[in-house]
Amino acid sequence: MSKQFQIFTLNNIDASNFTMTALELQKYIDFEVKRIYFITSPKTGIAGQHCHYHEKELFIVVQGNVTAVIDKGSGKEEIILSGPKNAMYVPNYVWHGFKNISKSAIILAVSSTNYNPDRSDYLEDYDKYIKIRDEKLNE
């Protein structure tokens with residue numbers, strides 16, 4: 001069985017001259033990392049709003065605040081995340097996106113797939129998602 005959607009509170013280590021947040025990835029993800037990217041400089045405060053057929057992701061809020069919009073099988077819900085203490089694992093077929101992204105936000109994403117500009121792994125129509133959600137999340 002694959003890993004389910006999960007929110008993590010990360011441990012920050014306060015040293016005398018810095019704070020460190022370490023991620024031992026095997027604690028958070030069940031995939032080989034293929035890509036790492038950053039979400040910064042929001043222009044509208046909104047990003048995403050889709051699910052993936054194959055891709056799995058771990059989002060780490062490095063700085064700032066964001067509201068995650070998630071549907072993991074029971075309708076959309078909003079989860080407020082703030083850095084540098086929150087991370088969110090999103091398996092495939094979980095609807096996700098962000099809103100209310102603060103101007104200072106930095107969101108680090110760890111992905112199971114390489115970037116594909118044709119977006120064939122994206123389902124961006126929420127009504128279509130609702131029609132397949134229960135079947136796909138229970139496979």
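Brief remarks on what is shown
- Rg [Å, one decimal], Dmax [Å, integer] - segment 46-87, C-alpha atoms: 11.2, 29
- Computed over protein heavy atoms with a 1.4 Å probe, the carbon and sulfur contribution to the accessible area of segment 35-107 reaches 55%.
- Residues in segment 26-43 carry Karplus couplings, in order, of 4, 7, 10, 10, 10, 9, 7, 6, 10, 7, 10, 9, 10, 10, 9, 6, x, 9 Hz; the curve used is 6.51 cos²θ - 1.76 cosθ + 1.60 with θ = phi - 60°, and Gly or Pro positions show x.
- Under 19 Å from residue 34, Cα to Cα: aspartates and glutamates that are on another chain or at least 8 residues apart: 24, 55, 57, 118, 121
- Cα coordinate range in the chain, projected on the principal axes (Å, largest first): 52, 35, 30
- Interchain or long-range residues, amide H under 5 Å from residue 86's placed H: 10, 61
- Estimated inter-spin distance, residue 132 and residue 102, nm [label 7 Å along Cα→Cβ]: 3.6
- The angle between the Cα long axis of helix 126-137 and the main principal axis of the chain comes to about 90°, on a 0 to 90 degree scale.
- For the residue pairs 27/85; 99/136; 43/131, alpha carbon separations beyond 20 Å are given by 99/136; 43/131.
- Here the Karplus curve 6.51 cos²θ - 1.76 cosθ + 1.60, taken at θ = phi - 60°, turns the phi angles of segment 6-23 into couplings of 7, 9, 10, 9, 7, 8, 9, 10, 8, 9, 5, 10, 6, 10, 10, 10, 9, 10 Hz, with x standing for Gly and Pro.
- Anisotropy class of segment 1-72 from Cα gyration tensor, a/c 1.5 cut: oblate
- Accessible area per residue for the chain is 58 Å², calculated with a 1.4 Å probe on protein heavy atoms, without ligands, DNA or RNA.
- For segment 63-122, the Kirkwood radius over C-alpha pairs fed into Stokes-Einstein at 4 °C and 1.567 mPa s yields D = 101 µm² per second.
The values are calculated or read from the model by the stated rules, or taken from the named source; none is laboratory data. Since the structure is predicted, the reported quantities are computational estimates derived from the model, not experimental observations. Backbone-built Cβ (ideal geometry, glycine too); neighbour counts: all protein chains shown. Heads up: the accessible areas ignore ligands, DNA and RNA and are worked out on the full protein's heavy atoms, side chains in. Shrake-Rupley method; radii C 1.70, N 1.55, O 1.52, S 1.80 Å.
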